[in-house]
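The values are calculated or read from the model by the stated rules, or taken from the named source; none is laboratory data. Given the structure is predicted, the values throughout are model-derived calculations rather than measurements. Note: ideal-geometry Cβ built from the backbone for every residue, glycine included; neighbour counts use all protein chains shown. In case anyone asks, the SASA skips ligands and DNA or RNA and just uses the protein heavy atoms, side chains included. Shrake-Rupley method; radii C 1.70, N 1.55, O 1.52, S 1.80 Å.
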Amino acid sequence: MSSHARSLRSVDPTRLQTFIAHMPKTVLHVHIEGTLEPELAFAMAQRNGIEQGSKAFPYAKLDDLRAAYRFDDLGQFLDVYYAVAGAILNERDFHDLAEAYAQRLIAQQVRVAEIFFDPQTHTSRGIAMSTVVRGLWSGLQPAIDAGIHVRLIACLLRDAPVGEAGDAAKDRDWSGASLSEATAWATLGQVLDHNRHAPADRRIVGLGLDSYEAPYPPELFTEVFARARSEGLLPTAHAGEEGPPAYIWTSLRELKVTRIDHGVRSTEDPALLEFLATAQDGPEVLAAYGEPHRIPLTVCPRSNLELKVFPDPTESNLFELQGHGVLVCINSDDPAYFGGYADANYLAIIEWLDPTLDQLRQLALGGIDSAWLPPEAKQPLRDELEAYFASAPQALGL
């Protein structure tokens, strides 16, 4: 049997962990707010004078907060997620949040990081978009200095008001704002305003859609995404995690997304699988990838376990998707809450699904192929990864 076809479960755990730790990786589905570890959140709350155990921050002790990072479903998770995000109040906080994640990107050998942030989570609390973005970019600077391709994607909260197109043109002071004012249209307007004044390497590259899927179908945001695409923003959307395959179809047809975040329910629809396995050549796809391309799924294994998408992780359909020719890659979603960052997700699928070395290689290559980079920028990354896997049999003792 070829060493590339053999199971990885028999590999010495230390060797396997070392191999995964040094493997070049991509991160295309991570929420920066979801990297806020309990210790940093508690420290932020203290220095910002937020009363521990209060309605604003309902955790009297650090151990209470650590315990809150364990939950039973998406609703419970988001309740904690938004409560903890309330500790992030100023540019220093956003900087510290991003800097902590930048150091993890460096340590975990990440080559491409396309990072989500949720503007409405902050503007609805009276924090200016400029404060958020300045803090994030300054905190991410160590990763940029290390040669990592870093980009920011602004996500709309699907359970927040959509608003009216006129909201995008309003120039206002966001101090004292509320969620009802921080509409999807207003948020898009702030993103576009930022991009008009920012250097090319500090612009927000894309628009995403996240938070509760049901009962908020993607078509609510059709016009917002149409405007975003017309302004050069690359579109992606969370779909097919708790929502049905129909939400994936609508994201593709109405929002014209070039990636689907999660998308694991695609296996319920054979026609959808066939579509995803076929290279598309629409203008949005060509803008995102520079050539005809399959629409990728950014799958998050540990998130799928913790949110009970797959209560039994050995039932994950990750390799079923791959077997149908769908372009899939491994991501961490909200790693502070879901049990680990990039390395932990790769190690989890090895434990749960027993992939071959070739299957693992295809997942890692899938991350490069799924990135919003031109083909010429991807080729050196592919070459590096192929060389790394060429040495794998010896490194792993296969």
Q | The listed residue being over 26 Å from Leu152 (Cβ atoms), part of a helix (DSSP H, G or I) and in contact with a Gly (Cβ under 8 Å, 6 or more places away or on another chain), out of Ala395, Ala348 | A | Ala348
Q: Would you tally the residues in segment 341-369 being touching a Phe, Trp or Tyr at 6+ places or on another chain (Cβ under 8 Å) and farther than 22 Å from Arg259 by Cβ?
A: 3
Q: Within segment 359-381, work out how many residues are over 22 Å from Glu284 (Cα atoms) and in contact with a strand residue (DSSP E or B) (Cβ under 6 Å, 6 or more places away or on another chain).
A: 2
(Q) Please verify whether Val132 is of a type outside the set (Gly, Ala, Ser), at pLDDT below 95 and assigned to a helix (DSSP H, G or I), treating the condition exactly as stated. (A) no
Q: Looking at (1) of a type outside the set (Asp, Glu); (2) in a strand (DSSP E or B); (3) open to solvent by less than 60 Å² (accessible area, probe 1.4 Å); (4) under 30 Å from Gln109 (Cβ atoms), find the lone condition where Arg151 falls short.
A: (3)
(Q) Please pick out the residue among Ser370, Ser316 that is modelled with pLDDT of 95 or more, over 26 Å from Ile106 (Cα atoms) and open to solvent by less than 50 Å² (accessible area, probe 1.4 Å). (A) Ser316
Q: Report, by residue number, each residue of segment 304-345 that is part of a helix (DSSP H, G or I), within 20 Å of Glu33 (Cα to Cα) and aromatic (Phe, Trp, Tyr).
A: Tyr337, Phe338
Q.
Given (1) open to solvent by 30 Å² or more (accessible area, probe 1.4 Å); (2) at positive phi, identify the lone condition not met by Asp159.
A. (2)
Q: Looking at (1) open to solvent by 40 Å² or more (accessible area, probe 1.4 Å); (2) at pLDDT 95 or above; (3) among the charged types (D, E, K, R), find the lone condition where Glu306 falls short.
A: (2)
Q: Identify, from the list Ala68, Ala56, Ala83, Ala107, the residue that is open to solvent by 60 Å² or more (accessible area, probe 1.4 Å), modelled with pLDDT under 95 and of a type in the set (Gly, Ala, Ser).
A: Ala56
Q. When segment 354-374 is examined, which residues are found to be touching a residue at least 40 places away in the same chain (Cβ under 8 Å), in a helix (DSSP H, G or I) and of a type in the set (A, V, I, L, M, F, W, C)?
A. Leu357, Leu360, Leu363, Ala364, Ile368
Q: Kindly check whether there is at least one residue in segment 111-124 that is closer than 29 Å to Met23 by Cα, small (Gly, Ala, Ser), crowded, with 19+ Cβ neighbours inside 10 Å and in contact (Cβ under 8 Å) with a residue 60 or more places away in the chain.
A: yes
